[in-house]
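First up is the structure itself, then whatever we jot down about it.
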Amino acid sequence: MVSVSVVVATLLPYDELDVVESLERGTYDDYEVVVRDDYPVCKARNEGIKRASADKIVFLDDDSRPRTDYLERAVETLERAPAYSGRTIHPRSDVFARHFTAHYDRGDEPRHVDTFWGNNMGVRREVFDAVGGWDENMGWGHEEKELAARVRSQFDILYDPEL
């Protein structure tokens, strides 16, 4: 069994996923990537959880480009925190990025937060066992807030700007 499972919900073919290429360039190799193309995204993520062999589960988007030490840090973070939210930086500095994605960056200091984003987050399996998975009745867009509220009812979510 691997130490961490990375769940990617996508409609793209595996060999076209930026995130896979980024993870392969990374410094950590004790992981698996579980790609799901179910529609909608919440169903894909739930199916990813079911198929994940690790108890530490990371969620990234298909176009994510994690740092080379991302998975090593994710595993370390999930050793001490039941769930985490990482920093997301949009690759462009345009009106879209400033208006629609500025809330992904929560600053430079680690702290506990109330939400996480499906493009860069991690959760231990025990959390899903306690609060359930993604609500498959949710539509696209900020479906993470509903899950985060259930997680926060029993667990902390740690924001780590280095993730």
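Solvent-accessible area assigned to carbon and sulfur over the chain amounts to 47 percent, based on a 1.4 Å probe.
Using a/c under 1.5 as the rounded threshold, could you call the stretch 109-163 rounded, prolate or oblate? The axes a ≥ b ≥ c are square roots of the C-alpha gyration tensor eigenvalues, and prolate needs a/b larger than b/c, oblate otherwise. Kindly include the intermediate steps, with their values, before the conclusion.
Values: a/c = 1.92, a/b = 1.32, b/c = 1.46.
Oblate, since a/c reaches 1.5 and b/c is not below a/b.
Here the contact order of the chain, divided by its residue count and restricted to Cα pairs under 8 Å and six or more residues apart, works out to 28 percent.
Between Phe128, Ala52, Val4, whose Cα lies farthest towards the positive end of the dipole of the chain when Lys and Arg beta carbons carry +1 and Asp and Glu beta carbons carry -1, centred on the Cα centre? Going by the Cα projections, it comes out as Phe128. Distance from the alpha carbon centroid of the stretch 149-163 to that of the stretch 1-79 works out to 18 angstrom. Please work out the FRET efficiency for the pair Arg111 and Asp15, using the Cβ-Cβ distance as r and a Förster radius of 41 Å; give the result to the nearest 0.05. Computed FRET efficiency for Arg111 and Asp15: 0.60.
Dipole magnitude for the chain: about 440 debye, using +1 per Lys or Arg Cβ and -1 per Asp or Glu Cβ, origin at the Cα centre.
For the stretch 37-76, a/c is not less than 1.5, where a ≥ b ≥ c are the root eigenvalues of the C-alpha gyration tensor, and a/b does not top b/c. That puts it in the oblate class. Computed as a quarter of the hull surface, the mean projected area of the alpha carbon convex hull for the chain stands at 9.0 nm².
Which chymotrypsin sites (Phe, Trp or Tyr not before Pro) from the stretch 132-163 combine a DSSP loop assignment with at most 10 other Cβ atoms within 10 Å? Let's see the in-between values first.
Working: sites: Trp134, Trp140, Phe155, Tyr159; in loops: Trp134, Trp140, Phe155.
Those satisfying the criteria are Trp140.
Over the chain, accessible surface divided per residue gives 52 Å², non-protein components excluded, 1.4 Å probe.
The values are calculated or read from the model by the stated rules, or taken from the named source; none is laboratory data. Bear in mind the structure is a predicted one, so any value in this text is a computation, not a measurement. Cβ atoms come from the backbone with ideal geometry, glycine included; neighbour counts cover every protein chain shown. In case anyone asks, the SASA skips ligands and DNA or RNA and just uses the protein heavy atoms, side chains included. Shrake-Rupley method; radii C 1.70, N 1.55, O 1.52, S 1.80 Å.
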